[in-house]
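Read the structure below first, then the notes.
We did not get these values from a lab; they are worked out from the coordinates using the rules stated. Just so you know, these numbers come straight off a predicted model, no measurement behind them.
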Amino acid sequence: MALVAVPLLYQQSGFSEHAGTRPPSRIVSLDLCTDWMLLKYANRSQVLAFSPLLYRYPVDWVDDDLPVHDGSLEVIMELQPDLVLTGEYNAIILRKRLQQLGMKVDIMELPDSLQAIQQYTKHFHSVVNNNIPTAITLQQFEYKKRTLLLLGANGIGTGTGTLENDVIVKSGWSNYVQQKGYVNLDLEQLVSNPPDAVLWSTPVSNSLANLFAEHPVLSKLTDKQQLFSSDYWCWQCPGPWTYDLIRELAEWKKF
């Protein structure tokens, strides 16, 4: 295994990008991904309320007693935040109305590549902490290539041209799915040409969407292959924690 240090991730520095301005102290989040970014990288005292989505998608590191708003215009206006933070695909009508009423709203574009995560992280710190993050390094893992299947709900495999593919390749694996985007997996193909390992990346539940992974054919396949699981939230919302996934996948190569 060869290790090459490459600059990938940002960490917070003490240098102010907006000299003379104060970081926002009354933040309201409208989006699950911005909830998690605030919980991970902002001071708790800065946040007035998290989005209604926070407890709909529970993760074990989120406290049980955090303030959550109901997503209504009236409640958010009553809170009088100095910054409303949201993702690009969520609460579109609500955020437009807030902007019309003079509320400061920052829309964070969801990263679709590792490079975009760097900019996403840098932008977050610039609007929330008034800090310019400084680059740190992540090891690039080089191994004899083995194929990894990223298996999602409803038997969907993740192919090339995606952030997930970047993560798989950067960690030293070869993506089993070579088609572009998200594809419906074929059980016969899986049996005739199995991957070296399978990563199950959906929430733990008994929903119909997860039944594909319990199919006898796939179960027989994974008896012979490596079957891994990972915290679903890390895949659901890309962010600085995505680099932890790269390290985790690289470690699995040793088994």
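Data overview
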{"quantity": "Gain upon complete extension [SER72, ILE92; 0.36 nm per residue less C-alpha separation]", "calculated": "5.9 nm"}
{"quantity": "Chain lengthening between SER126 and ASP60 when straightened (0.36 nm per residue, less Cα-Cα)", "calculated": "21.0 nm"}
